[in-house]
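The next block holds one structure in the form of structure tokens; read it before the comments.
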Amino acid sequence: MDAATRISWVDPARDDGLNLVNAGRLRPLATVVIGGLLTSTPLNLFVLPALYLAVNRKQPEQRS
């Protein structure tokens, strides 16, 4: 939800909806920010926990 809020604030900069003189210079930055937010959210929610579980999997104890 946090990423959706941030994207909604950055999206007008990408669409030149800010009516600024140099708004065209903000388009590449806004595109990178939106792309980063869209990729980092699923990575943090799904990939990192899966990697943590894979790395920290406990080995069964061997009885002698």
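Every read-out reported here was derived from the displayed coordinates using simple, explicitly stated rules and does not represent laboratory data. Computed from a predicted model, the values in this text were never measured in an experiment. Cβ: placed from backbone, ideal geometry, glycine included. Neighbour counts: every protein chain shown.
Taking 22 Å as R0, compute the FRET efficiency from the Cβ-Cβ separation of Leu53 and Ala4 and round it to 0.05.
Approximately 0.25, to the nearest 0.05.
Along segment 46-54, what does the Karplus equation 6.51 cos²θ - 1.76 cosθ + 1.60 (θ = phi - 60°) give for ³J(HN,Hα), rounded to whole Hz, x for Gly and Pro?
Values per residue, Gly and Pro as x: 10, 6, 4, x, 5, 5, 4, 5, 5 Hz.
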